[in-house]
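Here is the structure we will look at, set down as structure tokens.
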Amino acid sequence: MDRITLLQTLTGHVGRVWSASWHPSGNMFASCGEDKTIHVWRKNDSGRWTAEEVLTNVQYRTIRDVAWSYCGQYLASASFDTTVAIWDKKAGEFECNATLQGHDNEVKSVTWSRSGNLLATCSRDKSVWIWEVHNAPNEEDEYECVAVLNGHTQDVKKVCWHPQEDILASASYDNTIRMYRQDTADNEWEMLEPLESHTSTVWSIAFDATGKRLASCSEDKTVKIWQQYGPDNTLGIACPEKGTVWKCVCTLAGFHARAVYDIAWCKQTGLLATACGDDMVRIFRETTNSDPNEPTFELVVALQAHTQDVNKVAWHPSTPGVLLTTSDDGEIKLWQYQEEN
């Protein structure tokens, strides 16, 4: 097994810490939780992470997710009070300058597109919303809902943008993953065929660096790897008229003792990290000489990271091997992964 070392344990939240998001610079991250607050953490001169600011009194129920925009200027937070708050630091300190309303129930996830022009949210109300961002110099930014997508039949747990294109994926309590893209002819957002293989709730999804693979994790205790195939694929896989199809090419089963709540695909190393209800964090690596169309992965780290459910895993955006985890135990931990020679 490879090694993973605990760098620091951070406390400050009261109750569950649901999620965390690295700032694109890697010198800051935000966390959120059951206590209705967002903590913004920064590394001090001695190399220790400390809470620089606590953002509060805007959303009045559990904050389930936070996400930085790729430009690093905006932070979005999704709350069980049905709202999404947009924070920015234009005036030197964080202020909430927009509150997005429209969902009928708890908002579970929020994510910014790579271009920064789009924001996606999903909810227990079974819908996925896409918002267009209108930035105006010297004026308040505006957020316009341009699509309400009702492809799922149950609570939608996670939304995730493709790393290069304006393609959106969502994961749901209905056991499926959905993909969405904008039709170039009429600019309407369309739903593609659902990705079906899990036998229970799909809790989270993550694209790899290329965007040609998607990893998913589920209540069914498995991780699945999905591969994108275009019309020119050499395997003869039939594709719809409008482009590509996604196929499940690998299932990682027998590794997790309980539900797998989150998954993160490291853009630098290709490592997969999972957060599990058995209090464990696991790291998988694709094996040498793995067939791209039938990939195989090996477990390289299995660690009891927390004393309760692990909710979030997030790789550092630029430093390989640094992993952030959050848990029901109220703690945030930072780890350093090292490959055994």
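General remarks:
- The residues of the stretch 50-73 that are open to solvent by less than 40 Å² (accessible area, probe 1.4 Å) and within 14 Å of residue 21 (Cβ to Cβ), listed by number, are 55, 63, 65, 66, 67, 68, 69, 72.
- Scope the stretch 225-239; condition surrounded by fewer than 19 Cβ atoms within 10 Å (Cβ to Cβ) and either touching an Asp or Glu at 6+ places or on another chain (Cβ under 7 Å) or of a type in the set (A, V, I, L, M, F, W, C) (or both); matching residues: 235, 237, 238, 239
- Residues in the stretch 78-88 that are under 18 Å from residue 140 (Cβ atoms) and polar (S, T, N, Q): 83 only.
Table: residues versus (1) among the hydrophobic types (A, V, I, L, M, F, W, C); (2) without any contact (Cβ under 8 Å) to a residue 24 or more places away in the chain; (3) farther than 30 Å from residue 336 by Cα.
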site: 234; (1), (2), (3): no, yes, yes
site: 245; (1), (2), (3): yes, no, yes
site: 249; (1), (2), (3): yes, no, no
site: 252; (1), (2), (3): yes, no, no
site: 258; (1), (2), (3): no, no, no
site: 265; (1), (2), (3): yes, no, no
site: 268; (1), (2), (3): no, no, no
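- Residues in the stretch 285-319 that are surrounded by fewer than 23 Cβ atoms within 10 Å (Cβ to Cβ) and among the aromatic types (Phe, Trp, Tyr): 297 only.
- Selection count, the stretch 1-44, where residues are under 17 Å from residue 334 (Cβ atoms), assigned to a loop (DSSP other than H, G, I, E, B) and open to solvent by 30 Å² or more (accessible area, probe 1.4 Å): 5
- Count - residues of the stretch 247-275 that are under 15 Å from the mean Cα position of the chain (by Cα) and assigned to a strand (DSSP E or B): 10
- Inter-residue pairs, beta-carbon under 9 Å, first more than 23 Å from residue 171 (Cβ to Cβ) and among the polar types (S, T, N, Q) and in the stretch 129-145, second open to solvent by 60 Å² or more (accessible area, probe 1.4 Å) and part of a strand (DSSP E or B), 6+ apart: 135/142
- Out of 46, 77, one residue alone is closer than 21 Å to residue 262 by Cβ and out of contact with any His (no Cβ under 8 Å at 6 or more places or on another chain). It is 77.
- Restricting 111, 121, 99 to residues that are closer than 24 Å to residue 316 by Cβ, assigned to a strand (DSSP E or B) and either open to solvent by less than 10 Å² (accessible area, probe 1.4 Å) or touching a residue at least 12 places away in the same chain (Cβ under 8 Å) (or both) narrows the list to 111.
The values are calculated or read from the model by the stated rules, or taken from the named source; none is laboratory data. Remember, predicted model here, so these are calculated numbers, not experimental data. Note that we place each Cβ from the backbone using ideal geometry, even for glycine, and neighbour counts take in every protein chain shown. Just the protein is used for accessible areas: all its heavy atoms, side chains included, with ligands, DNA and RNA removed. Shrake-Rupley method; radii C 1.70, N 1.55, O 1.52, S 1.80 Å.
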